[in-house]
Amino acid sequence: MNQEQVKQLFATSPDPIIGIAGTVGKRTIAELLRLMHVGNYIILPLEAWQLEGLEQSPQVAIMTAIAPENPQYYGVTAAYLAVLENLTKWQHGNDLCFYDGKSDASWKLAVRSAASEQAVPSDEGVHIVVTGDDIVEPRRRWLYRGEEQLADISAIRLLPHDWTNALFACAAALGVGTPIESVLEGLTNYQRLPEHMQPIREFKGEKYYNDAASTTPLAGLAALNSILGPKIMIFGGEDVGLDYNELALACAKPEQQIKRVVLTGPLAPRLEQAFLTARLAEVVSLPTAPMSEVLEAASIYADPGDTVILSPAAPNNFSADYNAAVGALV
């Protein structure tokens, strides 16, 4: 939807709206809420540009973590935040606002809302408690809301960064009165969206993931932290002036077990400098190579049990070529 269509929806919709904005996780949260059957709510993931000029806010606002997204478009971070604030700016006292408790920017926008706000996760709101020590008793993962133990969720398999999105969906769904049974059904039935840490193929014991929807350094960090064990990362794409120093430093940490980083696209030279500054030597830069060669440079370092992840952390159009290259591995 363009800006005018979004405005028209807010002005004329007979049903309440759950609006989701922020830098990461919007579509995953929307899909989880859909699977949770939250009632007659319109579930609307919103890009920043769709919020421009909006003078109404949703009855339920979800503000995920916020980080610079496209300085070339928004100019400065303050302009980006001003646009995102339209998600919460026009809320009323009986509305709900859920925000990322670890993101200062998300918190600052939420607390200016007139709605009832709640951090996710938080001890007062929805969070996860792990019990057991694997020796005396099995480890179990419990979904809590405040002091109330809602459900054993040990059997639900999600990647680490999926759990952050899942807690947003749980908080919003429970906040609008969705039965816990429907919430659990949604968590159980969720399958990752295309290009969102999507498993593409297992080949000779190596696993290949497509995370081409990763268009910011924050999304690249989420992908990095989603898989344990040895991995080869593919980063790159268009250079829109974002800062990649934090991503490079994270990759350089020994616990990440990065065997190789392969860089591609116009961003590759600047990314390479960030990784060199972070003292990560295992870097290959292929700014103009086709994806088949990029994947070859990654897969040659992969052994059984390793994971190869395309997570560009920049605007890109790599998805189809990556899937084709992975499919062609012999």
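The values are calculated or read from the model by the stated rules, or taken from the named source; none is laboratory data. This is a predicted model, so every value here is computed, not measured. A quick note on method: Cβ atoms are made from the backbone with ideal geometry, for glycine too, and the neighbour counts reach across all protein chains shown.
The table below gives the values:
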| item | result |
| --- | --- |
| Residue among 276, 295 that alone is free of Cβ contacts under 8 Å to residues at least 24 places away in the same chain and either touching a His at 6+ places or on another chain (Cβ under 9 Å) or of a type in the set (A, V, I, L, M, F, W, C) (or both) | 276 |
| Subset of region 228-241 (residues that are surrounded by 23 or more Cβ atoms within 10 Å (Cβ to Cβ) and of a type in the set (A, V, I, L, M)) | 232, 233, 234 |
| So residue 185, is it assigned by TED's automatic domain parsing to the domain that holds residue 23, modelled with pLDDT of 95 or more and either surrounded by fewer than 14 Cβ atoms within 10 Å (Cβ to Cβ) or at positive phi (or both) | no |
| Members of region 222-245 that are among the aliphatic types (A, V, I, L, M) and either in contact (Cβ under 8 Å) with a residue 40 or more places away in the chain or part of a strand (DSSP E or B) (or both) | 222, 223, 224, 227, 232, 233, 234, 240, 242 |
| Some residue of region 99-110 being under 23 Å from residue 8 (Cβ atoms), of a type outside the set (A, V, I, L, M, F, W, C), in the same structural domain as residue 17 (by TED's automatic domain parsing) and part of a loop (DSSP other than H, G, I, E, B) | no |
| Output for region 115-157, where each listed residue is surrounded by fewer than 16 Cβ atoms within 10 Å (Cβ to Cβ), within 30 Å of residue 95 (Cβ to Cβ) and either among the acidic types (Asp, Glu) or in contact (Cβ under 8 Å) with a residue 60 or more places away in the chain (or both) | 123, 124, 147, 148 |
| Output for region 170-192, where each listed residue is more than 22 Å from the chain's Cα centre (by Cα) and within 14 Å of residue 151 (Cβ to Cβ) | 178, 179, 180, 181, 182 |
| So residue 295, is it under 17 Å from residue 215 (Cα atoms), buried (at least 20 other Cβ atoms within 10 Å of the Cβ), in the same structural domain as residue 220 (by TED's automatic domain parsing) and among the hydrophobic types (A, V, I, L, M, F, W, C) | no |
